[in-house]
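Novice: Encoded as structure tokens, here's the structure I'll be asking about.
The values are calculated or read from the model by the stated rules, or taken from the named source; none is laboratory data. If you're wondering where the values come from, they're calculated on a predicted model, not measured in any experiment. Counting neighbours? That spans all protein chains shown, and the Cβs are built from the backbone with ideal geometry, glycine included.
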Amino acid sequence: MNLAHYFDPSEAFPNPLGLSKDASLFGKLNKASITENLTIDNNTLVIFGVAESRNSNNPGATNAPEGIRKFLYALSGASIKKSLVDLGNLKQTASPADTYMAVRDVIAFLTSKGATVIVLGGTQEITWPIYQAILENQGQVNLSIADHSIDLGDNDGDFSSTCFADKLIAESPDKLFNLNFIGFQGYLVNNHHIKLLQNKNHEFYRLGYVRSSMAEVEPTLRDSDIVSFDMGCIKQSDSPGSIYPSPNGFYSEEVCQLSRYAGLSPRVKVFGVFELNTISDLNHQSCHLAAQIIWHFVDAFNQKKTSFNITPSTEGVKRYYINSPIPNVDLIFLHNTLNDTWWIEIPESEKHASHILACSYNDYKKASNGDVPDRWLQALKKLT
């Protein structure tokens, strides 16, 4: 793939009130031209913008990639040790469908080389071609969406930023194993959609639960291949740049923590920030916050060391067997003592291969007290 055919270079420059070039993230960008032999591997983090908003009611999202870069480039680059590449912005296409196809092709290519990708949206239906790209490479995907609502419609065949999840819901577990909605606000969600998610054994976390139990959401992000952030999940006082601002939502520190969880994940391949409405972004506050959200992902990405391929034989991993209330079934937990992460194993059976899920220490404690973790039950239902 010749990446130069897909991208226009960014024209953004660092905010002059930020750090100097030598100290900033801008100074750590890999300057190799995408027309040359750019090396892309497991230690490469690639950024690109998608200025697509035609299938939405948020035209202000078109200018978000450049608006975010201005502040991102001015933040500290002290922790960056791995290759950081900014490809620029995807070229304008004749139709949204052409944009989606280009997004799919580019991400499939980059992730096949081992790269991790940050997508600067644009509107959130871009999550669908991102999912298709990852599915193309590995066959089964875990996807987490942080949003104040659940973007489901009435299955009338429409496709837009407010109903793109209809396509995701229709996917079978052998393709989309976990679909997680994080931070939704109950009064903004149709109860029928909640029941639909329950019937599909997908995970969904209300705003109040996430804010009170951030550590319980960490395994969900650790086990995700894609993390898609809608800036509308942040409360209006912290982020006014939203097409549908809400007085409630995450605080800025909380979304940065969620982003950090995603960056530390050994599994996340694509991290996307979407739905930033630059038209209502007073004093560029949301652009600045989006830059800080992405900075936390970049910082964490440069600190992680462990591999996703955790097994009982992996160095530093301890294995625990716990009797469950289910007859003839033991719950098997794996504790990676090197980074203090917990995992739960579903052993191989006649119906499915073995499966290892990220979990929390609290899941282990519950199991020790005779309770079966919800993560384990939901995964088992999908496997069988």
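Novice: Out of 365, 304, I need the residue that is out of contact with any Pro (no Cβ under 9 Å at 6 or more places or on another chain) and charged (D, E, K, R). Which one?
Specialist: 365
So that you can scan it fast, the table gives a plain yes or no per residue for (1) under 19 Å from the mean Cα position of the chain (by Cα); (2) farther than 23 Å from residue 140 by Cα; (3) not assigned by TED's automatic domain parsing to the domain that holds residue 379:
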{"residue": "262", "(1), (2), (3)": "yes, no, yes"}
{"residue": "266", "(1), (2), (3)": "yes, no, yes"}
{"residue": "270", "(1), (2), (3)": "yes, no, yes"}
{"residue": "290", "(1), (2), (3)": "yes, yes, yes"}
{"residue": "293", "(1), (2), (3)": "yes, yes, yes"}
{"residue": "326", "(1), (2), (3)": "no, yes, no"}
{"residue": "332", "(1), (2), (3)": "no, no, no"}
{"residue": "359", "(1), (2), (3)": "yes, no, no"}
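Novice: Moving to a separate point now. How many residues, within region 139-154, are closer than 26 Å to residue 207 by Cβ and out of contact with any strand residue (DSSP E or B) (no Cβ under 7 Å at 6 or more places or on another chain)?
Specialist: 4
Novice: Select from region 185-209 the residues that are under 20 Å from the mean Cα position of the chain (by Cα) and either within 16 Å of residue 173 (Cβ to Cβ) or modelled with pLDDT under 95 (or both) and list them in ascending order.
Specialist: If the condition is that a residue be under 20 Å from the mean Cα position of the chain (by Cα) and either within 16 Å of residue 173 (Cβ to Cβ) or modelled with pLDDT under 95 (or both), then 197, 201, 202, 203, 204 are the ones that fit.
Novice: Collect the residues in region 274-288 that are in a loop (DSSP other than H, G, I, E, B) and under 19 Å from the mean Cα position of the chain (by Cα), keeping them in residue-number order.
Specialist: Once the filter is applied, which keeps residues that are in a loop (DSSP other than H, G, I, E, B) and under 19 Å from the mean Cα position of the chain (by Cα), region 274-288 yields 275, 276.
Novice: Right, another one. Taking residue 312 as the residue in question, decide whether it is exposed (fewer than 12 other Cβ atoms within 10 Å of the Cβ), in contact with a Lys or Arg (Cβ under 6 Å, 6 or more places away or on another chain), modelled with pLDDT under 90 and not in a helix (DSSP H, G or I).
Specialist: Values: exposed (fewer than 12 other Cβ atoms within 10 Å of the Cβ): yes; in contact with a Lys or Arg (Cβ under 6 Å, 6 or more places away or on another chain): yes; modelled with pLDDT under 90: yes; not in a helix (DSSP H, G or I): yes.
In short, yes.
Novice: Out of the residues in region 64-83 meeting the condition of being within 17 Å of residue 273 (Cα to Cα) and basic (Lys, Arg), tell me which one is surrounded by the most Cβ atoms within 10 Å (Cβ to Cβ).
Specialist: So in region 64-83, the residues within 17 Å of residue 273 (Cα to Cα) come out as 64-73.
Then keep just the ones that are basic (Lys, Arg); that gives 69-70.
Numbers: 69: 28, 70: 19.
The residue in question is 69.
Novice: Also, quick follow-up: Among (1) surrounded by 14 or more Cβ atoms within 10 Å (Cβ to Cβ); (2) closer than 24 Å to residue 176 by Cβ, where does residue 335 come up short?
Specialist: (2)
Novice: For region 65-153, list the strands (runs of 3 or more DSSP E) that sit wholly inside it and hold at least 1 residues that are farther than 30 Å from residue 175 by Cα; which are they?
Specialist: Working: elements: 83-90, 116-121, 141-146.
Of the strands (runs of 3 or more DSSP E) lying wholly inside region 65-153, those with at least 1 residues that are farther than 30 Å from residue 175 by Cα span 83-90.
Novice: Another one. Looking for something over 24 Å from residue 50 (Cβ atoms) and within 16 Å of the chain's Cα centre (by Cα) - is there at least one such residue anywhere in region 142-149?
Specialist: no
Novice: If you check 23, 97, 102, 61, which single one turns out to be under 16 Å from residue 272 (Cα atoms), modelled with pLDDT of 95 or more, hydrophobic (A, V, I, L, M, F, W, C) and surrounded by fewer than 22 Cβ atoms within 10 Å (Cβ to Cβ)?
Specialist: 102
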